[in-house]
Amino acid sequence: MSTNVIHGKTIAEWKKEYPILSEMTDLKEVFWTNPKHNTSGEAPSLTMEDVIDAEKRLARFAPYIAKVFPETAKDHGIIESPLFHIPKMQERLEGFYQTELPGNLFLKGDSHLPISGSIKARGGIYEILKYAEELAINNNMLTLEDDYSILAEPKCKEFFSGYSIAVGSTGNLGLSIGIMSAKLGFNVYVHMSADAKQWKKDLLREKGVVVVEHASDFSEAVAQGRKQADEDPNMYFVDDESSESLFLGYAVAAIRLKKQLEDKNVKVDKEHPLFVYLPCGVGGGPGGVTFGLKQIFGDHVHCFFIEPTHSPCMLLGLVTELHDEVSVQEFGIDNKTEADGLAVGRPSAFIGKTIENKLSGICTVEDEKLFTYLALLATEEEIYLEPSALAGFASYVQLFKSQAGKAYLNKNELEQNLQAGTHIVWGTGGSMVPENEMKRYYERGKQTI
Ligand SMILES: *Cc1c(COP(=O)(O)O)cnc(C)c1O
């Protein structure tokens, strides 16, 4: 293995230059703080105006969403998740890990997002709506001033049925894209990686989605979807590795969170720092949210990503600065994890470069801990998340427990304001997991607490 040459250096040479790589290939948990955090970097191609534009588009679609997904009617067709205050979980974690965890702990419940029960209901649905709007406007089916609920009429569904959508996914993106596209009337092809759970494939097939199963990992499933769409001019490909639309759909979460924090009288400023912990797969979800939050809160928000020890693709891409030109497999890491939403071996270069100077750090977590957090959260707060969605708790604890975490707090002069700080663990999915499956997860975690 170590005789392999990656971009002109052997693995041994890479490890000598970046010692953290040795810990990563040993599958150890690490807490990496980003040396480029708050450096000037390149001006991003996207701005806050793009995020606001995305929010307005979602508002235009709200009457349609409320009509076709009745569960969203109470929120007038706005797809948003609750922000849960979870003090019991905080106290339990303090005891469990014998670490003081000052400040207030919240869970952003994207697990409870309507329609597809994960963070993908932000980016994935947004991208399909944007594509549908473009098609409908260009073909004189719709104007910006219309009530978009007309899109539920049979003639619109008939029109969309002349077009197809393709996507590659480890599961949750496929659910979002599949459910939304099928509802509008599109033909949908979801290319699933080997990690995808059976129930996700079954559910999509029930909704009339064509599920194409691959024995390979995420990157290959994406490549197959891209190939299929390239061959058909009426097929649109949702590119999880480089889509700006997905990214902006995720970023809208920041505007919504700002309002939720205000409603709860939670301040964010120099004396009241905000810490946000985001599970990372290819990077679009956590990257988009980070981008939006940094636009709104600037230096007062500190965003950390978390990846499984077996799939630390974004960390590898940032440390080596090779981004998507390197995969964890090339470093002998297998990309096999129970956290199916995070089972990605090669990161998005677009995301890595966009958040390079905004991200505070990345922490890795062993799979087994995800089940521990699952059982603790279920016991203390009666909230059930899927394994991927619990990863944020690892970074929250390690910020206070690890040497690197403590050094980050010290370097950024955060220590004196920690009591007034706010911590948000982004709970990225879980409400759609079938009950028997969730029970198995819970039993597995229960044995560890
Ligand atoms: C997709 C997903 C993530 C990560 O999003 P990426 O855009 O792949 O980085 C996190 N948690 C869950 C549950 C997911 O489905």
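Listed residues Lys207, Lys197, Lys108; which is surrounded by fewer than 24 Cβ atoms within 10 Å (Cβ to Cβ) and within 12 Å of the ligand (Cβ to nearest atom)? Full working, then the answer.
Values: Lys207 fails: within 12 Å of the ligand (Cβ to nearest atom); Lys108 fails: surrounded by fewer than 24 Cβ atoms within 10 Å (Cβ to Cβ).
Of Lys207, Lys197, Lys108, the one residue that is surrounded by fewer than 24 Cβ atoms within 10 Å (Cβ to Cβ) and within 12 Å of the ligand (Cβ to nearest atom) is Lys197.
If the Cβ limit is 8 Å and pairs must be 6+ apart or interchain, which residue in the range 388-400 that is within 14 Å of Glu366 (Cβ to Cβ) pairs with which residue that is modelled with pLDDT under 95 and not acidic (Asp, Glu)?
Within 8 Å, the pairs are Ser388/Gly341.
Any residue at all in the range 363-370 that is of a type outside the set (Asp, Glu) and either farther than 19 Å from Val319 by Cβ or more than 15 Å from the ligand (Cβ to nearest atom) (or both)? I'd like the intermediate steps shown before the answer.
First, the residues of the range 363-370 that are of a type outside the set (Asp, Glu): 363-365, 369-370.
Filter once more, keeping what is either farther than 19 Å from Val319 by Cβ or more than 15 Å from the ligand (Cβ to nearest atom) (or both): 369-370.
Looking through the range 363-370, at least one residue is of a type outside the set (Asp, Glu) and either farther than 19 Å from Val319 by Cβ or more than 15 Å from the ligand (Cβ to nearest atom) (or both).
Report whether or not Gly225 is surrounded by fewer than 19 Cβ atoms within 10 Å (Cβ to Cβ), assigned by TED's automatic domain parsing to the domain that holds Asn139, away from the ligand (no atom under 13 Å from the Cβ) and more than 19 Å from the chain's Cα centre (by Cα). Steps first, answer last, please.
Values: surrounded by fewer than 19 Cβ atoms within 10 Å (Cβ to Cβ): no; assigned by TED's automatic domain parsing to the domain that holds Asn139: yes; away from the ligand (no atom under 13 Å from the Cβ): yes; more than 19 Å from the chain's Cα centre (by Cα): yes.
Against the criterion (surrounded by fewer than 19 Cβ atoms within 10 Å (Cβ to Cβ), assigned by TED's automatic domain parsing to the domain that holds Asn139, away from the ligand (no atom under 13 Å from the Cβ) and more than 19 Å from the chain's Cα centre (by Cα)), Gly225 does not qualify.
Kindly evaluate Ser81 against the criterion of being in contact with a helix residue (DSSP H, G or I) (Cβ under 8 Å, 6 or more places away or on another chain) and free of Cβ contacts under 8 Å to residues at least 24 places away in the same chain.
Numbers: in contact with a helix residue (DSSP H, G or I) (Cβ under 8 Å, 6 or more places away or on another chain): yes; free of Cβ contacts under 8 Å to residues at least 24 places away in the same chain: no.
So Ser81 does not fit the description; no.
Suppose we filter Gly168, Gly185, Gly174, Gly178 for residues that are more than 16 Å from the ligand (Cβ to nearest atom) and not assigned by TED's automatic domain parsing to the domain that holds Leu385; which single one remains?
Values: Gly168 fails: more than 16 Å from the ligand (Cβ to nearest atom); Gly174 fails: more than 16 Å from the ligand (Cβ to nearest atom); Gly178 fails: more than 16 Å from the ligand (Cβ to nearest atom).
Checking each option against the conditions leaves just Gly185.
For the range 279-307, which positions are crowded, with 21+ Cβ neighbours inside 10 Å, among the hydrophobic types (A, V, I, L, M, F, W, C) and farther than 26 Å from Val5 by Cβ? Reasoning before the result, please.
Residues of the range 279-307 that are crowded, with 21+ Cβ neighbours inside 10 Å, as a first pass: 279-295, 301-307.
Okay, now just the ones that are also among the hydrophobic types (A, V, I, L, M, F, W, C), so 280, 282, 289, 291, 293, 301, 303-306.
The answer is Cys280, Val289, Phe291, Leu293, Val301, Cys303, Phe304, Phe305, Ile306.
Take the conditions assigned by TED's automatic domain parsing to the domain that holds Asp26, part of a loop (DSSP other than H, G, I, E, B), among the basic types (Lys, Arg) and modelled with pLDDT of 95 or more and apply them to Lys358. Does it pass?
On the way: assigned by TED's automatic domain parsing to the domain that holds Asp26: yes; part of a loop (DSSP other than H, G, I, E, B): yes; among the basic types (Lys, Arg): yes; modelled with pLDDT of 95 or more: yes.
Yes; evaluated as a whole, the condition is true for this residue.
Among the candidates Ile115, Ile119, Ile165, Ile137, single out the residue that is under 24 Å from the mean Cα position of the chain (by Cα), of a type in the set (Val, Ile, Thr) and under 23 Å from Asp50 (Cα atoms).
On the way: Ile115 fails: under 23 Å from Asp50 (Cα atoms); Ile165 fails: under 23 Å from Asp50 (Cα atoms); Ile137 fails: under 24 Å from the mean Cα position of the chain (by Cα).
Result: Ile119 is the single residue among Ile115, Ile119, Ile165, Ile137 that is under 24 Å from the mean Cα position of the chain (by Cα), of a type in the set (Val, Ile, Thr) and under 23 Å from Asp50 (Cα atoms).
Let's see how each residue does on (1) closer than 18 Å to His85 by Cβ; (2) of a type outside the set (D, E, K, R):
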| site | (1), (2) |
| --- | --- |
| Leu257 | yes, yes |
| Val266 | yes, yes |
| Gly284 | no, yes |
| Gln295 | no, yes |
| Asp299 | no, no |
| Phe305 | no, yes |
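Scan (1) within 16 Å of the ligand (Cβ to nearest atom); (2) under 23 Å from Val289 (Cβ atoms); (3) in a helix (DSSP H, G or I) for the single condition Ile383 breaks and write down its number.
All conditions are met except number (3).
So which helices (runs of 4 or more DSSP H) stay within the range 44-155 end to end and still have 3 or more residues that are over 27 Å from Ala378 (Cβ atoms)? Spell out how you get there, then give the answer.
Numbers: elements: 48-68, 87-97, 120-138.
Qualifying helices (runs of 4 or more DSSP H): 48-68, 120-138.
Out of His272, His310, I need the residue that is surrounded by fewer than 24 Cβ atoms within 10 Å (Cβ to Cβ), more than 16 Å from the ligand (Cβ to nearest atom), in the same structural domain as Asn357 (by TED's automatic domain parsing) and more than 20 Å from Ala43 (Cβ to Cβ). Which one? Explain how you work it out, then say what you get.
Details: His310 fails: more than 16 Å from the ligand (Cβ to nearest atom).
After ruling out the rest, the residue left standing is His272.
Touching a residue at least 24 places away in the same chain (Cβ under 8 Å), within 16 Å of the ligand (Cβ to nearest atom), over 18 Å from Ser111 (Cα atoms) and outside the structural domain of Gly103 (by TED's automatic domain parsing), is that true of Val238?
Working: touching a residue at least 24 places away in the same chain (Cβ under 8 Å): yes; within 16 Å of the ligand (Cβ to nearest atom): yes; over 18 Å from Ser111 (Cα atoms): yes; outside the structural domain of Gly103 (by TED's automatic domain parsing): yes.
It is true that Val238 is touching a residue at least 24 places away in the same chain (Cβ under 8 Å), within 16 Å of the ligand (Cβ to nearest atom), over 18 Å from Ser111 (Cα atoms) and outside the structural domain of Gly103 (by TED's automatic domain parsing).
What is the residue count in the range 406-437 for residues that are surrounded by 15 or more Cβ atoms within 10 Å (Cβ to Cβ) and either assigned to a loop (DSSP other than H, G, I, E, B) or within 16 Å of the ligand (Cβ to nearest atom) (or both)?
Result for the range 406-437: 13.
Looking only at the range 22-43, which residues are part of a helix (DSSP H, G or I) and over 20 Å from Ser360 (Cβ atoms)? Reasoning before the result, please.
Let us first name the residues in the range 22-43 that are part of a helix (DSSP H, G or I), namely 22-25.
Once the filter is applied, which keeps residues that are part of a helix (DSSP H, G or I) and over 20 Å from Ser360 (Cβ atoms), the range 22-43 yields Ser22, Thr25.
Looking only at the range 385-405, which residues are surrounded by fewer than 20 Cβ atoms within 10 Å (Cβ to Cβ) and out of contact with any strand residue (DSSP E or B) (no Cβ under 7 Å at 6 or more places or on another chain)?
If we filter the range 385-405 for residues that are surrounded by fewer than 20 Cβ atoms within 10 Å (Cβ to Cβ), which is where we start, we get 400-404.
Hits for the range 385-405 are Phe400, Lys401, Gln403.
Taking the range 275-288, which residues are farther than 15 Å from Glu244 by Cβ and either within 16 Å of the ligand (Cβ to nearest atom) or of a type in the set (Ser, Thr, Tyr) (or both)? If you could, list the steps in order and put the result at the bottom.
Restricting attention to the range 275-288, the residues satisfying the condition of being farther than 15 Å from Glu244 by Cβ are 275-281, 286.
Passing the criteria: Val276, Tyr277, Leu278, Pro279, Cys280, Gly281, Pro286.
So which residues in the range 329-355 are buried (at least 21 other Cβ atoms within 10 Å of the Cβ), within 14 Å of the ligand (Cβ to nearest atom) and not in a helix (DSSP H, G or I), if there are any at all?
Listed by number, the residues that qualify are Asn335, Thr337, Ala339, Ala343, Val344, Gly345, Arg346, Pro347, Ser348.
Tell me which residues, restricted to the range 241-269, are of a type in the set (S, T, N, Q) and either away from the ligand (no atom under 16 Å from the Cβ) or in contact with a Phe, Trp or Tyr (Cβ under 7 Å, 6 or more places away or on another chain) (or both).
If we filter the range 241-269 for residues that are of a type in the set (S, T, N, Q), which is where we start, we get 242-243, 245, 260, 265.
Matches in the range 241-269: Ser242, Ser245, Gln260, Asn265.
The values are calculated or read from the model by the stated rules, or taken from the named source; none is laboratory data. The structure displayed is predicted, hence computed values, not measured ones. Please note: Cβ atoms are built from the backbone with ideal geometry, for glycine as well, and neighbour counts cover all protein chains shown.
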